[in-house]
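The values are calculated or read from the model by the stated rules, or taken from the named source; none is laboratory data. Because the structure is predicted, anything quoted here is derived from the model rather than measured. Cβ placement follows ideal geometry from the backbone for every residue including glycine, while neighbour counts extend to all protein chains displayed.
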């Protein structure tokens, strides 16, 4: 064997060792993040660790493969265990749901955070026109964005605008008559939430558009949690089929998100459609799903997907849904029955108090 061959062989072995070492270290890091996520209910920093099951699953599957090939059995076992723990959290999003029969026409809705400083308003306008949605919730609008969005006035003659300069302006645009509207503050920060009833082909449909603060620091994390808790209370009091749209600044795996679903009896529209991450739009590797569409049990989601880059740090989401047939609703675990037995009752006074703030 020549000296060059020996040197090449040594380099190959060194490269293999480095790859194996990186796989082992990555498995340890993934294990630490997974363990930290278990303390999410008690610590806001640990709550940040709940957002990454997709990335953790993919990375530990790759690490496990490398470690198995290199016969590092114990390390492979660690990586495989972490992959399984995180994959279990992802599984419900990928299994097809039993939708049942629908009654009535399909409704298409859009939720989009346009990002206040985004100068490419034309990209949003083009996207909105291409989707032909029945209504949309648009977040982070200021006066400049309101002026741009009003180009869509012929398509969306009914609207509610609450522009702000602090990234928490919000608007609802609708092709259908808005029967009623109110703008509430669901936490002590004062950011607006739109609660409207839209006349969709003669039937009332509640549309809630909301955008809580991001959980940056303990105070903002507490305000975000307060916002989501009161959102659940408010939704529970709405009498008609309901959809909640918005950048909730939380992923599906956070305990406060699970609490919201449990308290409001809403369902995550992503069930059966995959993870569908939306933020940050410029990094597919770190992207997580914080833009949501939540529906009441008397609505059936028939389609859901993430839209294109519109110049914002968020990707828009598009969801299609219809009313469930009476038979489908009666077969599901309906909210009315649970209201009657008292398990989901809340103090109406506290709700009215929170809305008055």
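Residue 41 passes every criterion in (1) in contact with a helix residue (DSSP H, G or I) (Cβ under 7 Å, 6 or more places away or on another chain); (2) under 30 Å from residue 167 (Cα atoms); (3) at pLDDT below 95; (4) part of a helix (DSSP H, G or I) apart from (4).
Which ones in segment 103-126 are outside any loop (DSSP other than H, G, I, E, B) and in contact with a strand residue (DSSP E or B) (Cβ under 8 Å, 6 or more places away or on another chain)? Passing the criteria: 103, 104, 105, 106, 107, 108, 109, 110, 111, 112, 113, 124. The condition (being without any contact (Cβ under 8 Å) to a residue 60 or more places away in the chain, more than 14 Å from residue 171 (Cβ to Cβ) and in a loop (DSSP other than H, G, I, E, B)) is satisfied by just one residue among 71, 129: 71. Flag: residue 179 matches the condition of being out of contact with any helix residue (DSSP H, G or I) (no Cβ under 7 Å at 6 or more places or on another chain) and farther than 19 Å from residue 114 by Cβ. Residues in segment 172-179: is at least one free of Cβ contacts under 8 Å to residues at least 24 places away in the same chain and closer than 23 Å to residue 249 by Cβ? Taking every residue of segment 172-179 in turn, none turns out to be free of Cβ contacts under 8 Å to residues at least 24 places away in the same chain and closer than 23 Å to residue 249 by Cβ. In the set (1) surrounded by 14 or more Cβ atoms within 10 Å (Cβ to Cβ); (2) modelled with pLDDT of 95 or more, the condition left unmet by residue 335 is number (2).
Candidates 330, 350: the one that is at pLDDT below 90, under 30 Å from residue 48 (Cβ atoms) and assigned to a helix (DSSP H, G or I) is 350.
Is it true that some residue in segment 88-102 is part of a helix (DSSP H, G or I), over 23 Å from residue 295 (Cβ atoms) and not assigned by TED's automatic domain parsing to the domain that holds residue 300? Looking for residues that are part of a helix (DSSP H, G or I), over 23 Å from residue 295 (Cβ atoms) and not assigned by TED's automatic domain parsing to the domain that holds residue 300, one finds at least one in segment 88-102, hence yes. Residue 204 - would you say it is touching a strand residue (DSSP E or B) at 6+ places or on another chain (Cβ under 8 Å) and outside any helix (DSSP H, G or I)? So residue 204 fits the description; yes. Inspection of segment 141-157 finds a residue satisfying the criterion of being loosely packed, with under 14 Cβ neighbours inside 10 Å and within 27 Å of residue 223 (Cα to Cα).
Scanning segment 239-267 for residues that are touching a residue at least 60 places away in the same chain (Cβ under 8 Å) and farther than 23 Å from residue 199 by Cβ yields a total of 9.
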